[in-house]
Each structure stands twice: as C-alpha cells, then as structure tokens.
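Let me begin by presenting the structure, written as structure tokens, before commenting on it.
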Amino acid sequence: MSLRLIFMGTPMFAVPTLRVLHDEHEIVAVYTRAPKPGGRRGLELQPTHVGLEAHHLGIPVLTPSTLKTPEALDQFRAHNADAAVVVAYGMILPQAILDAPRLGCFNLHASLLPRWRGAAPINRAIMEGDAKSGVMVMKMDAGLDTGDIALSESVEITDETTEVRLRCYLGGAGARLMQQAMRDLERGTLQLTPQPSEGVTYAAKINKAEARIDWNRPAHEVLRHIHGLSPFPGAWCEIPLEGAPQRMKILLCEMASGSGEPGAVLDARLTIACAQGALRIIELQRAGKQPMKADEFLRGTPLKPPARLS
C-alpha cells in the first residue's frame, strides 16, 4: 500500500523529490508559493517550478498566503494525509499543521545538520570553506531545522564546486533519500536519531550587500565566496571599461600564481591579485548580458595591467 502524502515545495530543487514520490505514493495535494510577476516586463504571473510540475502530473495545487488560520488548518486536515513532505517550501509550518498528518511531516534539508540550519545552507557551506556538505531527511518539529534525523548523504566540496552544481547534486541525492525514507515510513521501519547538540550554526539568508567581492581577502576565500554565490545572486566587482567602472558578476574562477596589489590585473588572462595569492577568472557576466567565458570577453574587451578591479 502506498502512502497518502501532501507535498510542500517551491523551487526546482524540490522537483526531483516530487517526481519520485509521485511514482510510488498518492500525492493528494501540492502546496507551493503563489505565482509571482515575471516574463516580459513582469506582466505575466509565473508559477513556481513545483507548481508547474504538479500541474503536469495532474495533482491539485494550493497556494495559501498563510497556514496560520483555522480555514487553512481545516483544509490541510481534510486531505487526510499519512504524512507531509517538505522541500524548500519557504513558509514556516505552525505546530497544528505539523501535528495534522498521521505520521508527521518530513523535511529535506541541504546540509549536514546541525551545521547550517536555516535559509541558505548550500551557499554558506561553500562560502565558509567547508570540506563537505550533504542532504538530510528529518522529522519536523517546532524548531528551525531541529528535528530528528532519518537519513543523510554527504558530498565533498572542492574548489570547483559552485552553488548551482552542489544544489543540482543535492536535489537528486535528496530525492533518493526521501524516496527511501517514505518506503521505510510505510513499512514502519524508519529510524530517527536526535541531532547532536554541538556544532550548531545558522545559514542566514544571503544579503545583497554580501555579494561584492573583497579582493583584500586571501585568494582561496575569494574563490569560495564567488563560487558560493554562483550563479545567484552572483558575486560582483567593478571593472574599468570604456573609461568608467562597470559592475561585473564573476561566476567561475580558479586558483592561480601571482601576487600584487589586491584587485590588480596581473596578465592578459584575467589573473587577479588578492591579499594573498591570485585567482584567474574563467566565467563572468556583464549586467543585462548572458554569461561568457573569459577568453570571449577578452577578445572584445582587452584588459591588461595596470588595470585594477574594485
């Protein structure tokens, strides 16, 4: 027998989990965030990735603005779900909602808890120089990502790891974990382990002010900062172009040899000096333009010493 599940999620990260659960269980409703203006001139309402996938799968979609009203609770209870699966939903679940499904609510979180509880665990793990990240299935409680852990999988973070690469990997790995968790839950064999009390950190939402690159940091820290924000919101700096500084996002870079004043262009290959060491820019993006490789950028805009990025 399959489970009756409510699925709650919003971004593309959650879609793989929705798909695998739909193959094995009855998804009685999908909760996602309301469509937002987008498309040409922002006039068209754009459904979320989860909302689009649910429509494709023929699952009823609900987009409540709050779950705290008696009406929202009654509607949630009326689904008569065995469990709810939550993947990057973007809304806090009140205790009454957590208590509604017969077997509880289960969250897929993209970190190795208790490290990086909160909104931006993938970004923070890369930006802070962590050696590894991962994904976990936990049974939700009233705290912020404090629930007992059911299953987990870890992955190494390297200097080539960007936010989008890690997010794509963890989205697939997390779908497989949640698939196994729901199989175990259905059989009554799911084991839960309390989180350690040591090592708790919080992954605050990325502030736009954090995105500016500080070349006065060591090269490895700058690389992790750039990759942790790639592609969104994108770490940026100002590059001297056409006689004036212009904002440029740096999307991909690598460690390089060289030294100089922080921000200095060291050669004709976009090697940039940091406080300690240097980076070579591999991919960048001008405002309003598509991302481009550094060699393509340099063909149209030669940038050589003594130019300096700020």
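The values are calculated or read from the model by the stated rules, or taken from the named source; none is laboratory data. Bear in mind the structure is a predicted one, so any value in this text is a computation, not a measurement. Here Cβ is always computed from backbone atoms with ideal geometry, including for glycine, and neighbour counts include all displayed protein chains. Note: areas computed on protein heavy atoms with side chains; ligands, DNA, RNA excluded. Shrake-Rupley method; radii C 1.70, N 1.55, O 1.52, S 1.80 Å.
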For the stretch 251-266 and the stretch 147-219, write down the distance between their C-alpha centroids in whole Å.
30
Between Ser257 and Glu296, what length in nm is gained on full extension when 0.36 nm per residue of separation is reduced by their alpha carbon distance?
11.9 nm
Once the piece of chain linking Gln95 and Ala287 is laid out straight, how much longer is it, given 0.36 nm per residue of separation minus the C-alpha distance between them?
64.8 nm
Spacing of the two label points (7 Å from each Cα toward its C-beta) at Leu144 and Asn207, in nm
1.4
What nm distance separates the two modelled labels at Val200 and Ala131, each placed 7 Å from Cα along Cα→Cβ?
2.5
Just to check I understand the Karplus step: with θ = phi - 60° and J = 6.51 cos²θ - 1.76 cosθ + 1.60, what whole-Hz values come out for the stretch 147-164, glycine and proline as x?
x, 5, 8, 9, 9, 8, 9, 10, 8, 6, 9, 10, 5, 8, 6, 10, 4, 5
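What net charge is computed for the residues neighbouring Val61, neighbours being all others with C-beta under 13 Å from the C-beta of Val61, Lys and Arg scored +1, Asp and Glu -1?
Within the 13 Å Cβ shell, the charges total 0.
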Using amide H atoms built in the peptide plane, which far-off residues or other-chain residues are under 5 Å from Gly118 H to H?
Ala203
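Heavy-atom accessible area per residue, the chain, 1.4 Å probe: how many Å²?
49
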Mean projected area in nm² (Cα convex hull; one quarter of hull surface) for the chain:
17.8
What part of the accessible area of the chain, given as a whole %, is carbon or sulfur when the probe is 1.4 angstrom?
51
